[in-house]
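Below you'll find the structure, written out as C-alpha cells, and then a few comments.
We did not get these values from a lab; they are worked out from the coordinates using the rules stated. What you see is a predicted model; the values in this text were computed from it and never measured. Cβ placement follows ideal geometry from the backbone for every residue including glycine, while neighbour counts extend to all protein chains displayed.
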Amino acid sequence: MTGYDLKRRFHDPIGFFYRASDGSLYPALKKLEHDALVTMRAEQHGRRGRKVYAITPRGREHFLRALREPAQPIFVYDEAQVKIYFAQHDPEAAVSHIARERRFAEAWSAFLERLLEDMKRGGASPFRTSMVEIGHGIAALKVGLFDQLMVRLESDLRSRSSDSNGARRRRSNGSGGGRISR
C-alpha cells in the first residue's frame, strides 16, 4: 500500500480509537523501511510518482510479537473535560462545552452503529467488530452521562440564580443586613 492507502485504512474502521496523522505515519514508514520491517518501491502512476510499501517476513514477525506484548495504559487528553472541570469560573461556557461534546458523542455513536452493521454484513472478524462495539458503547455511555450532567448543572445554575436574586431582593428592601456606609 501507499502511505495514503495506509492512512485511509487507519481511518476506517480503527480511526475511532487510533489516529494516524501524516506527521506520524510517514516518519514511521521511513523507520520501518530503515529497520527492514517493510520494503518500499517507487512506482509511476500516471504523471505522479508514489511509494508502495510491503511488509517483510521480519516485519510480520515483529508485528506478531508486538501483538502479544501488553499494551501500555493510555492517558487521554480531552480539552473539553479540562474546560468543564474549571466550569465554576464560567458555567454558561461549560454548559456549551457539554452540549457540544454530547452532540459529538451522539454522532459518533450513530456512525459506529452504522459501521458495526456494515462490518457484520461484510463478515468482519469478531475481534474487529468487538472493538467497534466497545467504541459504540463508550460513545453511547458518554451521551447518557452528558445528559445526566446537563440536568444536574442546569438545576445547580437555576438554584444559584434564584439564591442570588433572593439575596439582591433582601438587600434592596432593607432586610439583607443593611448597608455599610463609609
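Per residue of the chain, the DSSP helices (runs of n ≥ 4 H) give a summed -39500 (n - 2.57) that works out to -22500 deg cm²/dmol at 222 nm.
The relative contact order of the chain comes to 15 percent, based on Cα pairs under 8 Å that sit 6 or more residues apart. Residues within the reach of a label modelled at Ala87 (point 7 angstrom out along Cα to beta-carbon, backbone nitrogen below 18 Å), restricted to segment 98-133, are 98-106. Cα centroids of segment 34-95 and segment 98-165: 23 Å apart. Given in Å, the Rg to one decimal and the Dmax to the nearest whole number for the Cα atoms of segment 87-168 are 18.6, 66. Note on Glu113 and Arg158: their simple-model spin labels are 2.8 nm apart, each label 7 Å out from Cα toward Cβ. In this rough spin-label picture, where each label sits 7 Å from Cα along the Cβ direction, the Ala66-Ala36 distance is 1.8 nm. For the charge dipole of the chain, defined by +1 on Lys and Arg C-beta atoms and -1 on Asp and Glu C-beta atoms about the Cα centroid, which residue among Tyr26, Ala93, Thr39 has the Cα displaced farthest towards the positive pole? It is Ala93. Viscosity 0.890 mPa s, temperature 25 °C: give me the Stokes-Einstein translational D for segment 7-67 in µm²/s, with Rh taken as the Kirkwood radius over C-alpha pairs. This corresponds to a translational diffusion coefficient of 189 µm²/s.
In debye, nearest 20, what is the charge dipole magnitude of segment 63-151 about its Cα centre with +1 on Lys and Arg Cβ and -1 on Asp and Glu Cβ, if you could check?
On the way: 11 positive and 12 negative charges, 85 e Å.
So the dipole magnitude of segment 63-151 works out to roughly 400 debye.
Here the chain is treated with +1 on each Lys and Arg Cβ and -1 on each Asp and Glu Cβ, and its dipole about the Cα centre works out to around 520 debye.
Along the axis of the charge dipole computed for the chain (Cβ charges of +1 for Lys and Arg, -1 for Asp and Glu, origin at the Cα centre), the listed residues Tyr53, Leu64, Gln81 are led at the positive end by Gln81.
Test of understanding: express the Cα radius of gyration of the chain as a ratio to 2.2 N^0.38 Å, with N the residue count. Write down the numbers at each step before the final one.
Working: Rg = 26.4 Å, N = 182, 2.2 N^0.38 = 15.9 Å.
Against the empirical 2.2 N^0.38 Å value, I get 1.66 for the chain.
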